[in-house]
Amino acid sequence: MEVRIEDLVKRFGDVVAVNHVNATFESGKLIALLGPSGCGKSTMLNMLSGILPVSEGRIYFDDQDVTSLSPDKREVGLVFQNYALYPHMTVLQNICFPLKIKRIPKKERIERAKEYARMVHIDDYLDRLPKELSGGQQQRVAIARALVKEPKLLLLDEPLSNLDAKLRVEMREEIRRIQRESGVTTVFVTHDQEEATSISDYIMLMKLGVMQQFAATRNLYNDPANLFVADFIGNPTINQLHGIYEEGSIRADGFAKAIPIGNYKIEDGTRIVFASRPESVLVSKKSGETEMEVEETYISGKDTLCVLNAGDGFLRAYVDNEDAPEEKTAVRVSFRKKGVFVFSEESGERYYE
Amino acid sequence: MNNEKKHRHPIRYDPDEKFEISILWKILLFLGPFMAGILLFTIYPFINAFLMSFKENYSILRDTFSGWGLGNYRKVLNDPIFVSGLKTTVKYVVIVVPISLALSIVIAVLLNNAKRFKAILQTAYFMPLVTSTAAISLVFRFIFANEGGLVNKIITTLGQSQINFLGTNKWSEIVLYIFGIWNILPFTIILLLAGLQNIDPQYYTAARADGAKTFDIFTNITVPLLSPTIALVAIVNSISAFKIFDYVFQLYNKPGPGYNLYTIIYYIYEKFGGTKPQYGYAAAASIVLFFIIAVFTLLQRVLQRKTDY
Amino acid sequence: MKNTSDKLKDFFQYLTLFTGAAIMFLPFFWMINSSFKTEKELLSFQSFFPKELLFDNFRQAWEMGDFLKYFGNSVFVTVVCVALTMFVTILAAYGFSKLRFPGRDLIFTVLVSMMMIPYEMLMLTNYETIRHLHLFGKIWSLIVPFTSSIFYTYILRNFFLSVPDSLYQSARIDGASDWQYLWEVMVPMAKPSLVTIALLDAITCWNSFMWTMLMSSGNRNIRTLPFGLTAFTSEAGVHYNLWMAGATIVVIPMIILFLFCRKSIITGVSRGGLKG
């Protein structure tokens, strides 16, 4: 099912939690709502589920306007951060509950519940109570319970934040697998960019209620719409040099020489932020437009991380261990075309070539 | 009680939430039966008692009264029978509450330490909680009886002369106190036990490490740390002791052998149900009682707030 | 290892406890012990224990005192009163914890403060109300005024408030109505609290005395056991053997309840209920 959001607004008193958001979620895709806490992503999810009424705008499921439909009529499944399993019911009873409410005959109910229990790999624990399960297992039960009524839309609210690090990686792959298998359009909320980028098809990145960018996950990394997006996505974070644009170069604050960055449609003298992914910074002993001093080096696996002194700021770059320069020596630096962006310092907006 | 966790969930209203008609039906469905009972049997009679107490020469049969005023209060507060009833009640409170508290503290501390025989001890101490005082009062009457009474049998066996426990003013009062203490002990012990269980055991460990003896620990650690609970229990027990009536009635079928155990509530009942009902007086007396209890309740609230750390 | 002084301390501790326990238990023991004795045996103190287990007192009291009727009334009043109270309390606790409407918490605070009103103050008017409702002298007069309990609602509401809202939202999304959510999810979860409340209420109903006395003044057929017993003693005269048998009949059901549910009852009482 396709989900269309039109000009969605949510106010809590004077606070605008979600500010005029427009988007279309393609059918069958896994969409991440990403952003720091307080960005409105959970509010958005709750409006999709119908728990929260909207202030303005409309929500469509395919062509049906569901904006004022109550949660029980929207045919969505929701997995809560704390899983919200009924503590007095066994795993099987929990999964059966939505079907019981729908008055589906007991035999069919159990059959379907077992089918979904198998899908989420919890079928060995059907008679356990939630408190006898690990966090990851509870998560699986919650997902099965949300899926068993075959919703048109599956919503997951910070599904992994209550799990420990190792389990988190395992479970996010599981969510991916289950989503693929069931084919249901899925929206999940997270504050962890790595989590979002590793499993989602699309990411909607939000900040203070405003949608920053909504794009295919790869594009968000390779083609950020603004400085916030570029900064939020990617680990390690993107290099940022502040300075003045001048004829295809940046005069970085506190750095003597102009660094060539290519021609952008910017007036000379504008303050900009020059952002570069660490893997797009090329370090060499001989060739390269700019000379910089190596401040520190760290070995991390097969690469060495070099921290380059660029005036008031730093650049981080990866070099093969064999080619690693000495600390406190000069190297020559140039940039790839890919993974290098220029933003307005004032507004954070992106400048294009 | 004081150990109960305070849940505070202020409801925030979402301005976008539509106040639908269906919520009114829900309120009616869920709260209707309860509120009907409360309105009819608590709120209405409460207000009515207030109104009645200000009606002069009120007659319930004809539902007439000669005017509004403080006449009932003047009559009640100047009535020597009411004043002596108040005195008897206060005396009962002042004797029964401290004695039962002192006994309860000792028993609660010992029970808290006891590791063995828990079930049997609890059963013996707490059984009075569930038993009808109307039935047990008969047992007390029998135990303290002249003919065949256990206590008098013991006394005479020891060579003393028999005591007329139930027929004399002095002794009937004492039997009432014993019955009152016996009845309130389990409740008091349970509350104190709950208070004791809230004391962090590391205080005891620390004190023992400092070389404190059992008795020192009791006076220097247990009692001070338990004092908020003790104060609360004292108030709760005082409130219930102020309402003393049924023990007297059940033991003697009248306000004591020589009208000596006439309490506030006895007064209310007599003015209300006696041969010559005077509802106005009964209402005024009940409101005097209400205010006494209200003062104690406020005291309890203040204490509870202070000790909620 | 325990040294001698510790052992001595232990000994005195248990000695004190058991002495106290014996005194507390004495009335029960003496009641049951005496209920098996003949009147002669009882007055003469020939032996401490009854010579033989004599059920004659029970038979006699049972027949003379109309205890069968009182017993039936007690069971009826207790069962119906507890059932109705539970139903009303469950609905009210839900309404005051999970329904959203303006003034909800304020209204409840006011209700809680009304717990301090002494019942004696309300009795006057309630007596008249029962007459106006044409319930006077009917067994329902012992039930109807007591089905709304602020105290029990307060206990249950506290439990309901501690249940996370996500459970409610989850159930809503699954299509459950408030009614279904209450009975399918909340009530099964609240079982321990509900048991406690039911026990406290059962004890209170069974032992209710003053109101029953007042209400049954118009009709002796609605007497329940406690007042029935009191009435029996004044009708039968002073025969302690019969008194003790009657008292045993009244007390035994609650003692059995206590023996089975000791822990729940103690928990309930420690929350401030009953005889407080």
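Coordinate-derived values only; no laboratory data. Given the structure is predicted, the values throughout are model-derived calculations rather than measurements. Neighbour counts run over all protein chains shown; Cβ positions are idealised from the backbone, glycine included.
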Mean Cβ count within 10 Å, highest first, over the residues of peptides C:50-61, B:256-267
B:256-267, C:50-61
Could you work out, residue by residue across A:155-168, how many beta carbons of other chains sit within 10 Å of that residue's beta carbon, and then give the average as an integer?
0
Where does the protein assembly as shown land at 222 nm, in deg cm²/dmol rounded to the nearest 500, when only DSSP H runs of n ≥ 4 count, each adding -39500 (n - 2.57), divided by all residues?
-16500 deg cm²/dmol
Residue of A:Thr270, A:Thr67, A:Thr185 that the Gaussian network model of chain A assigns the largest fluctuation, springs spanning Cα pairs under 10 Å:
A:Thr270
Pairs of Cα atoms farther than 29 Å apart, chain B, %:
55
Per-residue average of Cβ from other chains inside 10 Å of C:143-155:
3
Nitroxide proxy distance, nm - points 7 Å out along Cα→Cβ at A:Lys286 and B:Lys276:
12.8
What is the antiparallel percent of DSSP beta bridges lying wholly in region A:142-233, to the nearest 5?
55
So what does log10 I(q)/I(0) come out to for region C:10-131 at q = 0.13, 0.17, 0.20, 0.22 Å⁻¹, using the Debye formula with one equal point on every Cα and no solvent?
-0.93, -1.04, -1.17, -1.25
Report the paramagnetic label zone for A:Leu129: residues of region C:180-200 whose backbone N is under 18 Å from a point 7 Å from Cα along the Cα-to-Cβ axis.
C:184-196
Against the globular-protein guess of 2.2 N^0.38 Å, express the Cα radius of gyration of region B:46-159 as a ratio, rounded to two decimals.
1.77
How would you rank C:Ser177, C:Ser270, going from fewest to most other Cβ atoms within 10 Å of each one's own Cβ?
C:Ser177, C:Ser270
Normalised contact order of chain C, rounded percent, pairs of Cα under 8 Å and 6 or more residues apart
32
Let me confirm one metric for peptide A:88-101, namely the mean number of other chain beta-carbon atoms within 10 Å of its residues' beta-carbons.
3
For C:Lys37, give me every one of the lysines with a C-alpha distance below 23 angstrom, ignoring sequence neighbours fewer than eight places off in its own chain.
B:Lys153, C:Lys51
Please identify, among C:Phe45, C:Phe96, C:Phe87, the residue showing maximal mean-square fluctuation in a Gaussian network model of chain C using a 10 angstrom Cα cutoff.
C:Phe45
Taking N as the number of residues in the protein assembly as shown, what is its Cα Rg relative to 2.2 N^0.38 Å?
1.30
Can you put B:Ser100, A:Ser280 in order of Cβ neighbours within 10 angstrom, beginning with the fewest?
A:Ser280, B:Ser100
Please work out, to two decimal places, the log10 of the ratio I(q)/I(0) at q = 0.09, 0.10, 0.19 Å⁻¹ from a Debye calculation in which every Cα of region A:1-137 carries one identical scatterer.
-0.36, -0.44, -1.13
Gaussian network model of chain B, springs between alpha carbon atoms under 10 Å - residue of B:Asp63, B:Asp216, B:Asp200 with greatest fluctuation:
B:Asp63
Suppose each label sits 7 Å from its Cα in the direction of the beta carbon; what would the B:Phe218-A:Glu6 distance come out to in nanometres?
8.0
Would you report the distance distribution of C-alpha pairs in region A:239-351 as whole percents per 5 angstrom bin, up to the bin with the largest distance?
2, 13, 23, 25, 18, 10, 6, 2, 0
So, R0 is 25 Å and r is the distance between the beta-carbons of A:Arg332 and A:Lys302; what FRET efficiency does that work out to, to 0.05?
0.65
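Give me Rg/Rg_expected for region C:62-270, where Rg uses Cα atoms only and Rg_expected = 2.2 N^0.38 Å with N residues.
Normalised Cα radius of gyration, region C:62-270: 1.19.
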Just to verify a number: FRET efficiency for B:Asn78 and C:Val112, C-beta to C-beta distance, R0 = 45 Å, to 0.05?
0.80
Starting from the Cα of B:Asn198, step 7 Å along the direction of its Cβ; do the same at B:Ile120; then give the gap between the two resulting points in nm.
3.3
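For the peptides B:284-292, C:257-265, A:310-318, what is the packing order when you average, over each peptide's residues, the other Cβ atoms within 10 Å and list the highest mean first?
Values: B:284-292: 22.2, C:257-265: 16.9, A:310-318: 19.7.
Descending mean neighbour count gives B:284-292, A:310-318, C:257-265.
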Checking region A:252-335 for GluC sites (Glu not before Pro) in a loop per DSSP with at most 15 other beta-carbon atoms within 10 Å yields A:Glu267, A:Glu289, A:Glu326, A:Glu327
Whole-Hz ³J(HN,Hα) from phi, Karplus 6.51 cos²θ - 1.76 cosθ + 1.60, for region B:153-165, glycine and proline x
4, 5, 4, 5, 4, 7, x, 8, 8, 4, 10, 8, 5
May I ask you to list the aspartates and glutamates whose Cα is less than 19 Å away from that of A:Lys166, ignoring any residue fewer than eight positions away on the same chain?
A:Glu158, A:Glu174, A:Asp192, A:Glu194, A:Glu195
Kirkwood Rh, angstrom, region A:3-232 [1 / mean 1/r, Cα pairs]:
18.0
Highest mean packing first, using Cβ neighbours within 10 angstrom, the peptides A:249-258, B:188-197, C:65-74 sort as B:188-197, C:65-74, A:249-258
For region B:148-197, what value does the Rg/Rh ratio take when both radii are computed over Cα atoms and Rh is the Kirkwood radius, given to two decimals?
1.21
